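Contents: one structure, followed by commentary.
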Amino acid sequence: MQITGELLIGGRAKRGEGVAFRAIDAANNEPIEQPVFHGALDRDVEAACDLADEAFDIYRTLPAAKRAQFLDDCAARIEALGDPLVERAMAETGLPRARLEGERTRTASQLRMFASLVRSGDSLDVRIEPALPERQPPRTDLRFWRIGVGPVAVFGASNFPLAFSVAGGDTASALAAGCPVVVKAHPAHPGTSELVGRAIQQAVAAAGLPEGVFSLLFDAGHDVGSALVRHPAIRAVGFTGSRAGGLALMKLAAARAEPIPVYAEMSSVNPNLLLPGALAARGETLAREFAASATLGCGQFCTNPGLMLGVAGEAFDAFAANAAREFSAAAAGVMLTPGILRAYELGIDRLTRHPKVTTLARGAAAPGRAQAALLRVSAGDLLADAALGEEVFGPSSVLVECANESELRAVLRKIEGQLTITLHAQAEDADLVRTLLPLIERKAGRVLANGFPTGVEVCDAMVHGGPFPATSDGRSTSVGTAAIERFLRPVCYQNLADAWLPEALREANPLHVRRRYAGKAEGQQ
Ligand code: NAP
């Protein structure tokens, strides 16, 4: 499939008339010659959103099997893009082949996971309270389910060019919910975005769906993204990126005549608690695994272990020394974009110049590459200056030395919301674990024991969310089947004749969906 640099507006491909830009080869920061991408203009945003609005009622009322088949077909078409997709993504992002092949598998399997959720009918959450004419006062028939919120704007993430971009988790969950999607491509991987966008565009046509189910827009700046969030047809936003970007979109969405939710995944330092038993029993292994996790993929994961907390003492000092040795050996890494490298260098510079921060180790240095960094602060200084614990996106981490367990608790109480918090603990740490868990639950979307948080399983039980600023809305997840909830809203039908009801709500349950009936899960005694 050829990359042309065109916008995909419904079923059309159209050369944009906005500002022209080229993709950048992440390995050498040189422009990739072909093609030239042209940004969209306001009228393109209008056209994509109007088509999405027109498509919504037809798309959301399709039989579940048809919507599921479309999602399966998107997965198959993305896989069929083959090596050219992986090679283009490697050039645009600097990520290695194995990582991108894995990401492609994840992208296809999450589309298939949502297809199977749609087939099951579980996300409709059907609840029926039949009429009680004898009751005083009598009750009429009440039936509840959930429908899509309407067209969704999705912002592709720079650090997951496949799994959190054009056909990533936000798009898959919105399409599964019955919502058309307009994607604002991330300018760091426009060619990858176009290839995947064309695969979805073809799947829309092959399924005979209304063309507005999917559109893809380019822009090298913020105008298109802002116009999308402001467009009245857009009913929700999915975003992964910086806190500044997420906050800007939340502000725009809240200022609309009709405000809409923005599900932004923004920043997290993913604290790891090194409890005394674990440090004593396996401090050296922990240090090695921690360094590998923090420098994996040049640290460009939102679940990177960015804050390591432990109680002062010999075991903590030994952990610091072992981790420093590992960080010193870390190779200099290619970052996704020159902007992300610049932000990393500025963040590390700010920390290393801070009088209260000790630099324990720097990795190998190379021009245009990120140099790993391991830093150390005392919990007292972190408590006095929260900026010492802010996310620096890249291969870095801060060790926090707590004077005692109560200072460890004080830090936990003070830190912001997180995607993950990890406990490294042995059986002898059980009492401490029990006292820490209530605090941890208040701060994190995912609580781990004895592992590192970088890997995120895509499944029913995953939460990739967390209180602000990890996400804009801690009631949500952007990974796993529960991600669909962000794009659904409940509707109740009161006293409608059976024949007027959607099939999923009819008395005889012709679609065999799981439902709560008269206050009980059906089939339950
Ligand atoms: P970003 O700057 O937040 O950009 C993400 C997307 O949102 C891009 O398409 C961007 O468009 C758009 N955008 C940003 N600000 C906007 C605004 N005010 N109005 C409209 N659209 C806006 O993120 P990034 O480019 O991926 O990386 C920058 C920094 O984000 C990193 O250094 C890192 O700190 C953070 N980041 C965090 C995570 C995480 O998971 N926590 C993931 C990726 C990045 P433009 O590119 O055209 O500006």
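Coordinate-derived values only; no laboratory data. As the structure is a computational prediction, the values presented were derived from the model and not from experiment. No Cβ is skipped: glycine too gets one built from the backbone with ideal geometry, and neighbour counts run over all protein chains shown.
Summary of computed values
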item: Using a Förster distance of 45 Å, the FRET efficiency for Asn450-Glu503 (Cβ separation, nearest 0.05); result: 0.45
item: Euclidean distance between Cα centres, segment 1-79 to segment 132-159, Å; result: 30 Å
item: Ala521 paired with Thr285, simple spin-label distance in nm, labels 7 Å along Cα-to-beta-carbon; result: 3.7 nm
item: In order through segment 385-398: 3J(HN,Hα) via Karplus (6.51 cos²θ - 1.76 cosθ + 1.60), integer Hz, x for Gly, Pro; result: 9, 4, 4, 5, x, 7, 4, 10, 6, x, x, 9, 7, 10
item: Under 13 Å, Cβ to Cβ, from Gly18 - net charge with Lys/Arg +1 and Asp/Glu -1; result: -2
item: Of all DSSP beta bridges in the chain, antiparallel share, percent nearest 5; result: 40 percent
item: Amide H within-cut-off set for Ser378, under 5 Å, with H built and near neighbours excluded; result: Glu401
item: Rough spin-label spacing in nm, given labels placed 7 Å along Cα→Cβ, for Ser109 and Arg434; result: 3.7 nm
item: The chain, relative contact order [Cα under 8 Å, separation at least 6], %; result: 17 percent
item: DSSP beta bridges in segment 184-322 [antiparallel fraction, %, rounded to 5]; result: 0 percent
item: Residue-span extension gain [Ala13 to His512] - 0.36 nm each, minus C-alpha spacing; result: 175.6 nm
item: Peptides 224-236, 299-311, 408-420 ordered by average Cβ neighbours within 10 Å, highest first; result: 299-311, 224-236, 408-420
item: Percent antiparallel among DSSP beta bridges (both partners in segment 272-449, rounded to 5); result: 20 percent
item: Value of Rg to Rh for segment 272-449 (Rh from inverse mean 1/r over Cα pairs, i.e. Kirkwood); result: 0.95
item: For segment 330-344 versus segment 480-525, the gap between their alpha-carbon centres in whole angstrom; result: 49 Å
item: Shape call, the chain: gyration tensor on alpha carbons, a/c limit 1.5; result: oblate
item: Those lysines that a straight Cα-Cα span of less than 21 Å connects to Lys251, excepting residues fewer than 8 apart in one chain; result: Lys184
item: Two-site label geometry, Val491 and Ala387: point separation in nm, points 7 Å out along Cα→Cβ; result: 5.0 nm
